[in-house]
Amino acid sequence: VFFAAGFETQAPETIDFMVNNCLACIDAASRNGVGAVVVTSSGGSTNPPGHKNETPKRELEHWSDHESQIAKGKYSPAAKTLMELRALEAVGRDRSNVVVDKELASASCRLVIMNPNLILGPQLQPGPGVSGNSLPWMSRIIKGETMNAQIPNDSMSIIHVEDLAALHVAASEREDAAGRYFGVDRSYPWSEILAAIKKAHPAYVMPPMYEGEAAVPTQFDHTRKESLGVYIYNIHVNANI
């Protein structure tokens, strides 16, 4: 079973919606003998307060503070953080994926959580309009409607949708896969991303470069992700980044 709650809404009710739907899915899977549930979450649950980009993030160690997220009005990231914590509890595991309730764990489905950030790929919905979550944002960037004053001195963690799908399939098929896995290729500086857009679409007008020393892109420890045996390549082949 693959579970994704759909589009996020930055509202308090998003938290209960995501948590309750995820728990209901896990409960139904466990009761009906489904072998594995793969939950699509977000990298927004992997940002501890004060974390520095230079330190590689690890799935089993780095967790966002949901109370801090709620206080800042970041209800969708808070929902993802709490959804993952409650999901792990529901299958008898702690946030480090250690079994803490053997009886519950033995009666539960195998739980895998994917943590992607920006997901890109061709639009499947027919028609001339650009729809979805990520593509409309990229369309506004290309049209110069946003991110037009200056190239951000920041980075974005990206994965191609086909690669993310391959990770989901591998996680469902590998009986030793459990817990969190980053669903990212790597974190690309925005200067690289916008340069790739310019290369693919010469009419795009790049904003001025930021001043000062370049910030370090978010670093990841890819050990767990690579253990799934999926080679990430679509973002490079299709975008030439």
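Structure summary
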{"read-out": "Degrees separating the helix 13-31 axis from the principal Cα axis of the chain, which is the longest one", "value": "50"}
{"read-out": "Label assignment, semi-axes √(5λ) of the Cα gyration tensor in Å derived from the structure, set (1) 33, 19, 18; (2) 28, 21, 16; (3) 66, 16, 14", "value": "(1)"}
{"read-out": "³J(HN,Hα), Karplus 6.51/-1.76/1.60, whole Hz, each residue of region 64-79, x for Gly, Pro", "value": "6, 9, 5, 5, 5, 4, 5, 4, 8, x, 8, 6, 5, x, 5, 5"}
{"read-out": "Net charge over other residues, Cβ less than 13 angstrom from the Cβ of residue 179 (K, R count +1; D, E count -1)", "value": "+2"}
{"read-out": "Computed over the chain: relative contact order in percent, which uses C-alpha pairs under 8 Å that are six or more apart", "value": "22"}
{"read-out": "Euclidean distance of C-alpha centroids, region 95-109 and region 17-70, integer Å", "value": "16"}
{"read-out": "Label point distance in nm, residue 105-residue 148, each placed 7 Å from Cα along Cα→Cβ", "value": "5.4"}
{"read-out": "Rounded accessible area of residue 16 (nearest 10 Å², 1.4 Å probe)", "value": "100"}
{"read-out": "Compactness of region 67-169, expressed as Rg and Dmax over alpha-carbon positions, Å", "value": "18.5, 56"}
{"read-out": "Antiparallel %, DSSP beta bridges [both residues in region 32-171], to 5", "value": "10"}
{"read-out": "14 Å beta-carbon shell around residue 91, net charge (K/R +1, D/E -1)", "value": "+1"}
{"read-out": "Structure-based [θ]222 nm, the chain - -39500 (n - 2.57) summed over DSSP H runs of at least 4, per residue, nearest 500", "value": "-11000 deg cm²/dmol"}
{"read-out": "Where the chain is the region considered: accessible area per residue in Å², 1.4 Å probe", "value": "52"}
{"read-out": "In region 7-59, the GluC sites (Glu not before Pro) that fall in loop regions by DSSP, at most 13 other Cβ within 10 Å", "value": "54"}
{"read-out": "Potential lengthening between residue 201 and residue 94 on full extension [0.36 nm per residue; Cα-Cα distance subtracted]", "value": "33.9 nm"}
{"read-out": "Share antiparallel - DSSP beta bridges, the chain, percent rounded to 5", "value": "25"}
{"read-out": "Distance violations [Cα-Cα > 29 Å] among 74/199; 80/199; 57/199; 74/102; 57/80; 52/80", "value": "74/199; 80/199; 57/199; 74/102"}
{"read-out": "Protein accessible area in the chain, 1.4 Å probe - carbon and sulfur %", "value": "52"}
{"read-out": "Surrounding net charge for residue 166, when Lys and Arg each add one and Asp and Glu each subtract one, Cβ distance under 15 Å", "value": "-3"}
{"read-out": "Relative contact order (%) - region 39-155, alpha-carbon pairs under 8 angstrom, separation at least six", "value": "23"}
{"read-out": "Theoretical FRET efficiency, 1/(1+(r/R0)^6), r = Cβ-Cβ of residue 24 and residue 174, R0 30 Å, to 0.05", "value": "0.75"}
{"read-out": "Placed amide H near residue 109: partners under 5 Å, 5+ positions off or other chain", "value": "30"}
{"read-out": "Nonlocal amide H pairs with residue 220, under 5 Å, H built at 1.01 Å", "value": "57"}
{"read-out": "206, 147, 114, ranked by accessible area, largest first (probe 1.4 Å)", "value": "206, 147, 114"}
{"read-out": "Sequence-separation-based contact order of region 52-110, relative, with Cα cut under 8 Å and 6+ spacing, percent", "value": "24"}
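The values are calculated or read from the model by the stated rules, or taken from the named source; none is laboratory data. Quick caveat: nothing in here was measured; it's all calculated off a predicted structure. Backbone-built Cβ (ideal geometry, glycine too); neighbour counts: all protein chains shown. With ligands, DNA and RNA removed, areas are computed over all heavy atoms of the protein, side chains included. Shrake-Rupley method; radii C 1.70, N 1.55, O 1.52, S 1.80 Å.
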